[in-house]
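Taking it in order: structure first as structure tokens, then the write-up.
Just so it is clear, none of the values below were taken in a lab; they were calculated from the coordinates. Here the structure is a predicted model, which means the values were calculated and not measured. Because the Cβ atoms are built from the backbone with ideal geometry, glycine has one as well, and the counts that use them run over all protein chains shown.
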Amino acid sequence: MRAIVLGAGGFIGTHLVRRLKAEGYWVRGVDVKPPQFAPSEADEFLLLDLRDRLACAQAIGDGSDELFQLAADMGGAGYIFTGHHDADIMRNSAMINLNVIDACAARPVDRLFYASSACVYPSENQLDPAAPDCAEASVYPANPDSEYGWEKLFSERLYLAAARNYGHTTRIARYHNVFGPEGAWADGREKAPAALCRKVAEASNGGEVEIWGDGNQTRTFLYIDDCIDATLALIRSDVCEPLNVGSEELVSINQMAEMIADIAGKRVRLKHVDGPQGVRGRSSDNRLAKQLLGWEPKASLRAGLEQTYDWIAAQVAQATVAA
Ligand code: NAD
């Protein structure tokens, strides 16, 4: 079996390539950059800019049994909610997705997977931190809280239309905050779990950790291994509609910071400062994923954070020695 992973230099792509290789696949990875923290395990790794139509056609080549489209201009709240990168995010990711459809229209791709996001859900359904509504069907009438979310929604529709008209077998996951080792942790694109692990690792015992906003905003976080399980189950399934791939273990950002401090064995004071926050509450709703795919996450937030904290603390220690 052959697989192509677009975005194979990124966090989820790196882990996905590793799993596909462990399953015995021949894998081509494609990205504008190689993975940052370990060499890719792909059989072939092409450094290509998928915004370029010809480069994208080259990336997809003669096609594959499974094509995973993970490439996107993305990051955590500090990247997608400040407004400074809106045009880049929409333009870059939409160009990639249009080129992928264009390349696939002419080539045999048995199964195509597209990584969408929880950011597609309407802002007004996520005002209550205790009871956000992110059931798949609630996505329309659309009102995502970011341009990143609007682009994801546009591209979901693009892939669904191509599936109807060009006959591709297409599967779409709406990922909810995926975290784990080998993700961005200090380059401005890191998400809350990695950012908080870094801040706790850098803090002295009894020191301060900065939290954006009042920290009462809630989220759920999915450990990377569970994300890869769901991604593979979904592309190989007969589920045609977009499906949530996330956790239902709802925590506030303050609670997560305290959990990380506990894992680190440190006492820290939370200092609330202004910063981009996104919606007040967001949780995956896994009823449809359980019903249609028989999937639910296995790792608890704490178990995932233990792995992630250890990895980030080691990165912080290395960076300190190097400085
Ligand atoms: P990531 O940023 O680590 O990986 C994305 C990769 O795409 C990067 O390596 C980047 O270099 C590559 N890329 C960007 N522009 C490119 C271009 N023009 N040509 C070739 N490659 C390009 O992000 P990730 O966390 O691995 O996310 C993977 C996918 O899942 C993305 O589509 C993202 O939007 C989606 N997603 C992720 C999360 C999450 O929590 N990580 C949540 C929702 C959705």
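Only Cα pairs under 8 Å and 6+ residues apart enter the sum, and on that basis the relative contact order of the stretch 109-250 stands at 31 percent.
Since only Gly207, Gly24, Leu158 are under comparison, the one whose Cα sits farthest along the positive direction of the charge dipole of the chain, derived from C-beta charges on Lys, Arg, Asp and Glu, is Gly24.
From helices alone, the chain scores -12500 deg cm²/dmol at 222 nm; the rule is -39500 (n - 2.57) for each run of n ≥ 4 DSSP H residues, then divide by the residue total. How would the stretch 1-52 be classified by its alpha-carbon gyration tensor: rounded, prolate or oblate, with rounded meaning a/c under 1.5 and the a/b versus b/c comparison settling the rest? It comes out oblate by the Cα gyration axes. Taking the stretch 39-54 and a reference point 7 angstrom along Cα→Cβ of Asp102, the backbone N atoms nearer than 14 Å belong to 49-54. Computed about the Cα centre, the dipole magnitude for the stretch 1-133 is approximately 320 debye when only Lys and Arg (+1) and Asp and Glu (-1) carry charge, each at its Cβ. Modelled spin labels at Tyr140 and Leu54, positioned 7 Å past Cα toward Cβ, are 3.9 nm from each other.
Work out, step by step, the length gained on full extension between Ala22 and Lys271: first 0.36 nm times the residue separation, then minus their alpha carbon distance; give nm to one decimal.
Difference between extended and current length: 85.3 nm.
Using a/c under 1.5 as the rounded threshold, could you call the chain rounded, prolate or oblate? The axes a ≥ b ≥ c are square roots of the C-alpha gyration tensor eigenvalues, and prolate needs a/b larger than b/c, oblate otherwise. Can you show the working numbers first?
On the way: a/c = 1.75, a/b = 1.40, b/c = 1.25.
In terms of gyration-tensor shape, prolate.
Each residue of the stretch 204-209 is assigned a 3J(HN,Hα), and the resulting list reads 7, 5, x, x, 9, 10 Hz, derived from the Karplus form 6.51 cos²θ - 1.76 cosθ + 1.60 (θ = phi - 60°), x at Gly and Pro. Along the axis of the charge dipole computed for the chain (Cβ charges of +1 for Lys and Arg, -1 for Asp and Glu, origin at the Cα centre), the listed residues His15, Leu270, Met1 are led at the positive end by Met1.
Quick one: compute the contact order of the chain, relative version, from alpha carbon pairs under 8 angstrom and 6+ residues apart, as a percent.
Relative contact order here is 18 percent.
Fully extending the segment from Ala323 to Met1 would add 111.5 nm, taking 0.36 nm per residue of separation and subtracting the current Cα-Cα distance. Using the Cβ-Cβ distance between Phe37 and Gln255 with R0 set to 30 Å, the FRET efficiency works out to roughly 0.60.
By its C-alpha gyration tensor, with a ≥ b ≥ c as the square roots of the eigenvalues, how is the stretch 1-108 shaped: rounded for a/c under 1.5, else prolate for a/b larger than b/c, else oblate?
Oblate is the answer for the stretch 1-108, as a/c is 1.5 or above yet b/c matches or exceeds a/b.
Ranked by how many other Cβ atoms sit within 10 Å of their own Cβ, fewest first, the residues Thr220, Thr14 fall in the order Thr220, Thr14.
Projected onto the charge dipole of the stretch 111-217 (+1 at Lys/Arg Cβ, -1 at Asp/Glu Cβ, origin at the Cα centre), which of Phe113, Asn216, Pro132 gives the Cα projection farthest towards the positive end? It is Phe113, whose Cα lies furthest towards the positive end. For the stretch 25-40 versus the stretch 143-188, the spacing of their alpha-carbon centroids is 20 Å. Does anyone have the angle between helix 147-166 and the longest principal axis of the chain? Alpha-carbon axes, 0 to 90°, nearest 10? It works out to around 20 degrees. Computed on the Cα atoms alone, the convex hull of the stretch 28-181 gives a volume of 129 cubic angstrom per residue. Counting only Cβ charges, +1 for Lys and Arg and -1 for Asp and Glu, the dipole size of the chain around its Cα centre is about 160 debye.
Would you mind calculating the relative contact order of the stretch 248-311 from Cα pairs under 8 angstrom and at least 6 residues apart, reporting the percent as a whole number? Intermediate values should be presented prior to the final figure.
Working: 23 pairs, mean separation 30.5, N = 64.
Contact order relative to length: 48 percent.
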